[in-house]
Every structure is written in structure tokens, then in C-alpha cells.
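See structure below.
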Amino acid sequence: MVQGSLCEQSFKRANGLKAIQVREICPNCGVLETVRDVPRGEIICTNCGLVLDAHLIDYGPEWRAFTKQERDKRQRVGNPPSITRFDKGLSTDIDWRNRDARNKSIAPSRLAEVYRLRKWHKRSRVHSNFSRNLAFALGELTRIASQLNLPYSVKESAAHLYRRALEQKMTRGRSLEGVMAACIYVACRFRSIPLTLKEVSVHSHLDRKQLAQSSRMLVRKLELQVPTPRASDYIPRFAEALKLDNQVILRSLQIISDARRKMISSGKAPTSIAASCLYIACILEGVVRTQREISKVTGVTEVTIRNRYKEIINRLKISFDLPQQLEGK
């Protein structure tokens, strides 16, 4: 009875998220299902209720917090190190609020001294050309990544690439914005994020041709093995912008797979293949989308869409009657 009640209590604590499931064999019944009771500091078998271990050490904080404000107020550590900051987040900073360590307001007679200390502290953090270059470039990285809504993994990869380029002195005689934009584009290629050169160049205020040259230079000098972009990576984003359903997406992915098998997409821009396959899938599924609408979303010209469209339907032998709504468009 004692074991049964103890087992029942452990299950209740596990269901109440006060216990953690662990993989440990019970020496009494041989069952692998045990729970770690965090409030009691015990490991309990869920089958027989045997306490396998007691007085476990809790490595968490000694305080509790129920709201974000309480957690921010009680924690005594800063953010983890980040490669996306020029000092990796390891340096200290003087808070902008004019309060001392006891959270009392600083006397007005000492405000000028605090302002001067804050200014020189900020200047001392960036004390070399390398640090100033890195601080400016990583600030540009934060701006472009926020405008393109890029994940943190891409920011980390781009910061790592820029640090390597800066160590090899590849930024001499080149625009810092151009090198950082190239790092962002190459990082997106590594993470299989479908971004075109045009989209990155718009937010980096650079010409598309200059961005392409910087990207090729970065790949060549750092000896990077960048994966080739695939047309299938662009389909979900283009379909969402065109408000297409899943059936059109699946049909376009099938056409892309058939085109790759027939070597039709070799040497062609993946965005043009994706745009033309979406156009063919819309026709096959009876969805009205003109070449002009697809061109506006994908950034591929209507002439290129027509050329790829004719080549794909001829090589794959796709036959269909063009709807009246799409004739001459």
C-alpha cells in the first residue's frame, strides 16, 4: 500500500510537470520508467514506487520567479556569449539609467561625471581599427537581418564568415556593407534559405552585380563549399505570396522533380524554373494566375517565364488546353 500510494503520488507530480522523466533501470522490478521529483530531490520508479536516489543537488537558481519582471530583476548574470557582437557580449556596460547599485537615483551634482564615465567607457570598448570595423559591420548585419526577418542561425553564420574575411584582410579596398551583404547571402545559401541576390541587394543598398562579385570572391578566397540553390526551395515562399493552395504546390514540386530528372533545369536559374513550374501547375489545377502576377512576385521577367514554360512542357510532353482567362497573358 505504501509503495502503491507513493507510485501514485509520483505519477501525479509527473503529470503536474513537477517531475522529469529519466531513463534509469529500477533494481527492484527492472522497469526502465522512472521520474525525477525536482521539489523533493528524489528519483522514483513509476512501477513499484521505489525511491532510487534522494537528496539530489539542484543546480538551478535558489530563487523563484513567476513573471518576466521578477525573473529579470532577480537574475544576476548577463546574456550568453554571442558571436554576432563585436566583443562577443563579454564586456560590461554602464546602464543608461542614472541609478546606483542600490537602485537609488544619482545626485544631480554627479550626473556630469557619470555621463563622462559612460562616454569614455564606450570609447574604450572600441579601441582599435579591427574592433571599429567589426562593430560597424555587425551593426549592419543586425539591420539587414531584421529587415529580411532572418533567423539567429543565419546571423551567427554570417558573423563567423565576416570574422574570417576580416582576419584574412579581405575587406581592404572594399565596402564593408558589400562584404557583410555577401556574408549574409552565402550564409542563407548554407542554411537553404531561399533568398535571391536582388532581395539582399535592395536591403543592403548595393547593386546586384556588385553583390554577386563579392559573394564569388568570398566563396573563392575562403574556399567554401556552398550548396547550389534548388528551385524547390523557392516554391513555398512564392506560393504563399501568390496565395496558392497545397495542391498547386505539390504539382509544381512534381514538375520540378521531373525536370531535374530530364536535366532540363541544368544551367538555368532556380527562380526561373520555380516560376515557370508554378505557372504550369496553376494551369493544370485550373487556378488563374497570369505570367505578370507570377513575374511580379518571383522577380523573373515574363519573357523568361514563357521560355522556360515552353521548354518544360515540350521536354516533359505536358499537354493541356490553355484556359480562356490565360490566353495571350
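The values are calculated or read from the model by the stated rules, or taken from the named source; none is laboratory data. As the structure is a computational prediction, the values presented were derived from the model and not from experiment. FYI the Cβ positions are ideal-geometry reconstructions off the backbone, even for glycines, and counts take in every protein chain you see.
Of all residues in region 52-88, those that are of a type outside the set (D, E, K, R), surrounded by 10 or more Cβ atoms within 10 Å (Cβ to Cβ), more than 26 Å from HIS121 (Cβ to Cβ) and without any contact (Cβ under 8 Å) to a residue 24 or more places away in the chain total 5. So ALA241 fits all but one of (1) closer than 19 Å to GLY299 by Cα; (2) assigned by TED's automatic domain parsing to the domain that holds THR298; (3) surrounded by fewer than 20 Cβ atoms within 10 Å (Cβ to Cβ); (4) more than 22 Å from the chain's Cα centre (by Cα); what number is the exception? The one condition ALA241 does not meet is (4). Can you confirm whether region 88-103 contains a residue that is under 26 Å from GLY178 (Cα atoms) and either small (Gly, Ala, Ser) or not assigned by TED's automatic domain parsing to the domain that holds PHE190 (or both)? The answer is yes; a qualifying residue exists. In the condition set (1) assigned by TED's automatic domain parsing to the domain that holds ALA181; (2) not in a helix (DSSP H, G or I), VAL35 is compliant with all but (1). Against the test of being more than 16 Å from ARG315 (Cα to Cα) and touching a residue at least 40 places away in the same chain (Cβ under 8 Å), the options ILE255, ILE294 yield a single qualifying residue, ILE294.
Total residues in region 208-230 satisfying the condition of being in a loop (DSSP other than H, G, I, E, B) and surrounded by 12 or more Cβ atoms within 10 Å (Cβ to Cβ): the figure is 4.
Taking the condition of being assigned to a helix (DSSP H, G or I) and either of a type outside the set (S, T, N, Q) or at positive phi (or both), how many residues in region 116-134 meet it?
Just the residues of region 116-134 that are assigned to a helix (DSSP H, G or I), to begin with: 116-125, 129-134.
Okay, now just the ones that are also either of a type outside the set (S, T, N, Q) or at positive phi (or both), so 116-123, 125, 130, 132, 134.
Going through region 116-134 one residue at a time, the tally reaches 12.
It is to be established whether one or more residues within region 65-87 are of a type in the set (Val, Ile, Thr), under 27 Å from the mean Cα position of the chain (by Cα) and at pLDDT below 85. Looking for residues that are of a type in the set (Val, Ile, Thr), under 27 Å from the mean Cα position of the chain (by Cα) and at pLDDT below 85, one finds at least one in region 65-87, hence yes.
Summed over region 276-288, residues that are farther than 17 Å from ARG315 by Cβ and modelled with pLDDT of 90 or more total 2.
For a quick check of your reading of the model, give me the residue pairs whose first member lies in region 202-217 and is assigned by TED's automatic domain parsing to the domain that holds ILE144, whose second is modelled with pLDDT of 90 or more and among the aromatic types (Phe, Trp, Tyr), with beta-carbon atoms closer than 7 Å and at least 6 apart or on different chains. Pairs that qualify, where the first residue is assigned by TED's automatic domain parsing to the domain that holds ILE144 and the partner is modelled with pLDDT of 90 or more and among the aromatic types (Phe, Trp, Tyr), are LEU211/TYR185; SER215/TYR185. Whether a residue is of a type outside the set (Val, Ile, Thr), in contact with a helix residue (DSSP H, G or I) (Cβ under 8 Å, 6 or more places away or on another chain) and either in the same structural domain as ALA275 (by TED's automatic domain parsing) or surrounded by 13 or more Cβ atoms within 10 Å (Cβ to Cβ) (or both) was assessed, and GLN168 does not pass this test.
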